[in-house]
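The values are calculated or read from the model by the stated rules, or taken from the named source; none is laboratory data. All of these numbers come straight from a predicted model, not from anything done at the bench. No Cβ is skipped: glycine too gets one built from the backbone with ideal geometry, and neighbour counts run over all protein chains shown. SASA here: full protein model, heavy atoms, side chains in, ligands and nucleic acids out. Shrake-Rupley method; radii C 1.70, N 1.55, O 1.52, S 1.80 Å.
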Amino acid sequence: MKTNISRAGRLLFFALSICAATSLLTSCADKEGNTENAADASPMSIPPLFQRTGELSKADEWSRTIEKVDELKAKISKDPNDVKARLQIATIYMAEARITGEHPYYYPAVLKILDGVLSIDPRNFEATTFKASVKMSQHQFAEARDLAEQARQINPDNAYVYGVLVDANVELGDYEQAVAMSDKMQAMKPSLESYSRASYLREIYGNYPGAISAMQLAVDAGLPGSEPYCWSKYTLAHLYTITGQLDKAEREYAEILAVRPSYAFALGGQAHVQRLRKQYDKALATLDQAAAIMPEFSFHEEMAEIYALQGDQQKAADKYVEVVTMLDEDAQSGHSVDLEMCKLYTKLGKLDSAAVYGQREYSKRPKNIDVNHAMAAVAFKQDNVKKAQEYIEVAMRTGSKNPELLRQASEIELAMGNEQESKKLIAEARKVNPNPVL
């Protein structure tokens, strides 16, 4: 594959796309108190900002965000056909979705704004590309790719659209095409966005040292303290965690929080490292901090897993119910959560439900390695070892060295009676990360 560096989580890429999106373009209410929301009022109206609370409301950029949105709304009031002002609000709302985690509110709001732009200018490149980015974030990958291809037809010389095509092809399992799009993007514009995508592709193809090197370039290319910069450092820390370099991961998380104390994902990362060190109470306290900042389901899922490790099955069960509720809320706003539900029900041992959700996702993207990994786990727990082997072969077709994937493959090989192959896979996993649990 070609992923040369001369030119992140996966939904790392939406955060990075926001940074690139702003370069394409030269009154508030809370959730309960909105007089207007993303689905109501006239088709061309602008939904209000979602009111930040807690630590996020203290961030320096929040007051500037309010002022800027008010200024842009005033422009639109004077000229409803002011496409540039509408697009600027869309980029602000895309950033707010990442910063606050209020995806069920902001994704429909952004789509409404973009549809308004497209009703004025049906071939608007920025609106088409931004819409593809939002569809990516909602896990509507095929639609995202179609929109990105439309945008490329409008403007084939813009690096941003190639980034969306990388993301969509990755999620649909078309990895060779993703590499081709990544190479085009890097050739056009070496940047945080292009380095990050190269990093993720290197990870997919089993090259963790190369992935770490590329993500460090992404960090170096970022503006310290910005959301994309913090997300890149977070993803770098995640790569360190996967490869068992916990001290380096902790350092990255601490450096993020030094410049952006309200960055909830860094707190979540710290908690995961604390969990791996078996500092369960400390990890739960850190997750409480993260969850107070952002309604991110993965924080609560990790809490549930820690409660289970501590032997408190009731607390774990109650927390898993919260996770299901959060995922349902996302689903109601247009976010596809079938893979997440499959993995969740697999952990809970509810294999019939896991299989239903997994099959739904598999029907949409049968070539994706993560989907096949999830399906292999379900089939294996259902004692359908032959089917599990079929799925795991697809999951490993890129040469991924993800330790969890390798361990799953090892269990399947052992169940098939291939003891030597099972040992070989375990040895590969330990080369990447000697820790038995990720």
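Within the shell defined by Cβ-Cβ distances under 12 Å, the residues around ILE242 carry a net charge of 0, with Lys and Arg each +1 and Asp and Glu each -1.
Skip the ligands, DNA and RNA, and give the accessible area per residue of the chain with a 1.4 Å probe, whole Å².
Working: 18130 Å² over 438 residues.
Spelled out: the 1.4 Å probe surface of the chain, per residue, equals 41 Å².
Put a plus charge on the Cβ of each Lys and Arg, a minus charge on the Cβ of each Asp and Glu, and nothing anywhere else: the dipole of region 319-438 about its Cα centre is then about 360 debye.
When the charge dipole of region 137-218 is built from unit charges on Cβ atoms (+1 for Lys and Arg, -1 for Asp and Glu) and taken about the Cα centre, the candidate among ILE204, MET215, ASN155 whose Cα reaches farthest toward its positive end is MET215. In straight-distance terms, cross-link reach from LYS387 covers every one of the lysines whose alpha-carbon lies under 16 Å from its own, apart from those fewer than eight places away in the same chain; here that gives LYS367. Looking at the square roots a ≥ b ≥ c of the eigenvalues of the Cα gyration tensor of region 168-217, which shape do they give, rounded for a/c under 1.5, prolate if a/b is larger than b/c, or oblate? Cα axes put region 168-217 in the oblate bin.
Only Cα sites of region 119-205 enter the Debye sum here, all with the same form factor; the resulting log10 I(q)/I(0) across q = 0.17, 0.19 1/Å is -0.62, -0.77, listed in q order. Taking the charge dipole of region 284-438 about its Cα centre, with +1 at Lys and Arg Cβ atoms and -1 at Asp and Glu Cβ atoms, the residue from TYR357, TYR391, LEU309 reaching farthest to the positive side is TYR391. Note on the chain: Kirkwood radius taken over Cα pairs, Stokes-Einstein applied at 10 °C and 1.306 mPa s, translational D equal to 71 µm² s⁻¹. Projecting the Cα positions of THR65, ALA144, PHE299 onto the charge dipole of the chain (unit charges on Cβ atoms of Lys, Arg, Asp and Glu, taken about the Cα centre) puts ALA144 furthest along the positive direction.
In square nanometres, what is the average projected area of the Cα convex hull of region 34-137? Kindly include the intermediate steps, with their values, before the conclusion.
Working: hull surface 24.9 nm².
Quarter of the Cα hull surface area: 6.2 nm².
Taking Cα centre as origin and charging only the Cβ of basic (Lys, Arg, +1) and acidic (Asp, Glu, -1) residues, the dipole magnitude of the chain rounds to 1020 debye. In this label model, ILE154 and GLU428 are separated by 4.3 nm, measuring between points 7 Å along each Cα→Cβ vector.
Counted by Cβ distance under 14 Å from GLU390, the other residues give a net charge of +2, where Lys and Arg count +1 and Asp and Glu count -1. Computed with every protein chain present, the accessible area of ASP220 is close to 110 Å² [probe 1.4 Å].
Please state the shape class of region 371-412: rounded when a/c is under 1.5, otherwise prolate if a/b exceeds b/c and oblate if not, all from the C-alpha gyration tensor. Let's see the in-between values first.
On the way: a/c = 2.01, a/b = 1.59, b/c = 1.26.
Taking the square roots of the gyration eigenvalues as a ≥ b ≥ c, region 371-412 is prolate.
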